[in-house]
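Below is one structure, written out as structure tokens, with a few remarks after it.
Bear in mind that the values in this text are calculations on the coordinates, not laboratory data. Please read all numbers here as calculations on a predicted model, not as lab measurements. Glycine gets a Cβ as well: all are built from the backbone with ideal geometry, and neighbour counts include every protein chain shown.
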Amino acid sequence: MEIYKTKQEVNNRINELKKQGKTIGFVPTMGALHEGHLSLIRCSKRDNDITVVSIFVNPTQFNDPKDLERYPRMIDKDIEKLEAEKVDILFAPDEKEMYPEPDTRQFDFGYLDKILEGKHRQGHFNGVAQVVSKLFDIIPATRAYFGKKDYQQYLIMRELVKRYMQHLDIEIIPCPIIREKDGLAMSSRNLLLSPEQRKSAALISQTLFRAKELTNMMSVGELKQFVVDTINQNPHLKVEYFEIADAETLLPIENWDEAKEKIGLIAVYCGEIRLIDNIEFN
Ligand code: PAF
């Protein structure tokens, strides 16, 4: 695997490969790689000649400094995993390389970055847009891969490309959520849970699966209440929000017939660790 730490070097290499007619798949990550990331890499390898992964813990997308500080970092283990997957190129810059000066750009995604995660994590999506727009310019890929666990992020990435990156031709590809055996959505943050919390966290997805079975029997309002009450009964868990929305627009719905594709999106605190998950109801 080729490893680059500077923008210039990786950009030169990608342009060289593109000149040779190669298609480029790009998987941006913050490291602490798990099966979820590896599934994105496998999708990229299936679709493209060359797969590029980036590892960069982006400070501008963390609204909570404690969350940034405790975010797991394990570059040597990550490199082993990437080599085992036969990834072609790793871009692993440091903060100075990505932000030689503070990034003051403000992105506007309409209401999409103001609701759900955007409402509860002020500035989060602006930070994601800052780093991903830089990464897309450095690695002008054919396709970029995002997991549906961060469903709102995936929709914002589609919007980012549409609104701000018309000079590039990058297709945003969503990939399914990968879950642990007990249903917990894979996330680097799961590593931070104590054994007790880890056990309790399984209730989040298990409740979402149950909710999917109950859609014919309950109104939207009743189902929302059922999910919140069931999860909050566990002393380790506290629901921050659970919303049922149109899966295309993320606008909340009040009746099942208001949208063709529906999705339930949740954020839950497990102790101090914030976990998100979602379930598509169709
Ligand atoms: O989903 C993530 O891991 C991050 O938000 C991303 C897309 C790598 C940007 O830092």
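Observations
- Most positive-pole-ward Cα, Gln233, Ile263, Leu191, against dipole of the chain from beta carbon charges: Leu191
- Net charge over other residues, Cβ less than 12 angstrom from the Cβ of Phe56 (K, R count +1; D, E count -1): +1
- Considering only Pro176, Pro100, Pro28, the Gaussian network model of the chain with Cα springs below 10 Å gives its largest mean-square fluctuation to Pro100.
- Among Gln166, Gln130, Gln153, the residue with the largest mean-square fluctuation in a Gaussian network model of the chain, with springs joining Cα atoms closer than 10 Å, is Gln166.
- Cβ-derived FRET efficiency at R0 41 Å, Asp182 paired with Thr6, nearest 0.05: 0.45
- Order of Tyr111, Tyr164, Tyr4 under a 10 Å beta carbon neighbour criterion, fewest first: Tyr111, Tyr164, Tyr4
- Seen from every direction in turn and averaged, the convex hull around the alpha carbons of region 17-133 projects onto 8.8 nm².
- Assigned charges on the beta-carbon of Lys, Arg, Asp, Glu; the chain dipole about Cα centre (debye): 360 debye
- In a simple Cβ point-charge model (Lys, Arg +1; Asp, Glu -1; nothing else charged), region 9-146 has a dipole of about 400 debye relative to its Cα centre.
- Backbone geometry of region 160-175 corresponds, through the Karplus equation with coefficients 6.51, -1.76 and 1.60 at θ = phi - 60°, to 3J(HN,Hα) couplings of 4, 5, 5, 8, 10, 10, 5, 6, 10, 10, 9, 9, 8, 10, x, 10 Hz, x marking Gly and Pro.
- Estimated dipole of region 91-179 in Debye, rounded to 20 [Cβ of Lys and Arg +1, of Asp and Glu -1, Cα centre]: 460 debye
- Taking 12 Å as the straight-line reach from the Cα of Lys199, the aspartates and glutamates in range (excluding those fewer than 8 positions away in the same chain) are Glu180, Asp182.
- Of Phe281, Phe136, Leu208, farthest towards positive along the dipole that unit charges on Lys, Arg, Asp, Glu beta carbons give the chain: Phe136
- A crude spin-label estimate for the pair Gln225 and Glu240, with each label 7 Å from Cα along the Cβ direction, gives 2.6 nm.
- Cα-Cα separations in the chain greater than 32 Å, expressed as whole percent: 25 percent
- Paramagnetic reach from Arg105 in region 133-164 [backbone N under 16 Å; point 7 Å along Cα→Cβ]: 133-141, 156-164
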